[in-house]
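Working notes, beginning with the structure itself.
The values are calculated or read from the model by the stated rules, or taken from the named source; none is laboratory data. Keep in mind that this is a model prediction, so the values were computed, not measured. Cβ placement follows ideal geometry from the backbone for every residue including glycine, while neighbour counts extend to all protein chains displayed. To get the accessible areas, we keep the full protein, side chains included, count just its heavy atoms, and leave off ligands, DNA and RNA. Shrake-Rupley method; radii C 1.70, N 1.55, O 1.52, S 1.80 Å.
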Amino acid sequence: MSNINSLLDIKEIILKKKILSIREHYDLENATGTKLGEADGNLFQFPAKFVVIGTTGSELMHVEGKLFSLRKQFTIYDNTGAELGTIKKKIVKLIGEEYWVEKNGVEFMRVYGNFTEHDYQMEINGAQVASLHKKWVSVRDQFEISITGEVDNRVVLGAVIVIEHIEVSEKQSHQ
């Protein structure tokens, strides 16, 4: 099994964010620490864009933000430019955060969680298909992604990158 396929097929992924970097950079690893790929985005790019590449250097997917939108919105594309889904953030939620992913205007996945508690759950038709947990104590921001259901890994990875980007940028703008 090649590294490209393992990133797209593996069910336990560790996403590590470099804290001091000119760009938003994430390393993608398996549970044993083997690097499976990386994601890069620029801090001052409008709209925000992230590219996920495998260990061979080939693009696996990319995520692009929408420049003008009532709510935060990012579209996830495969390596050929075909749309995998668009993730949107619910504008008002009393407790926690909520996102949804849609394709061709039809919702197919909900994401519930709380950034301060560092946990998110992803559901399709009410069944959990993936979860995200941020480790509290680590030198780098580290996120454990567990894919437990039938869902495209690229949609999960794209959603995690978008959520982390939105939550951190909103936190910085409030300070």
Under 7 Å between Cβ atoms, which residue pairs at least 6 apart in sequence (or on different chains) link something in region 80-101 that is over 18 Å from Ile124 (Cα atoms) with a partner that is open to solvent by 20 Å² or more (accessible area, probe 1.4 Å) and in a loop (DSSP other than H, G, I, E, B)? Ile91/Arg71
Suppose we filter region 65-101 for residues that are modelled with pLDDT under 95, among the charged types (D, E, K, R) and either open to solvent by 50 Å² or more (accessible area, probe 1.4 Å) or not in a strand (DSSP E or B) (or both); how many remain? 5
Given (1) β-branched (Val, Ile, Thr); (2) farther than 18 Å from Lys88 by Cα; (3) modelled with pLDDT of 85 or more, number of the condition Val137 does not satisfy: (3)
Which of (1) in a strand (DSSP E or B); (2) open to solvent by 50 Å² or more (accessible area, probe 1.4 Å) is the odd one out, the single condition Met61 does not satisfy? (2)
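Quick one: is Phe108 assigned to a strand (DSSP E or B), loosely packed, with under 15 Cβ neighbours inside 10 Å and touching a residue at least 12 places away in the same chain (Cβ under 8 Å)? Can you show your working first?
On the way: assigned to a strand (DSSP E or B): yes; loosely packed, with under 15 Cβ neighbours inside 10 Å: yes; touching a residue at least 12 places away in the same chain (Cβ under 8 Å): yes.
Judged against the criteria, Phe108 is a match.
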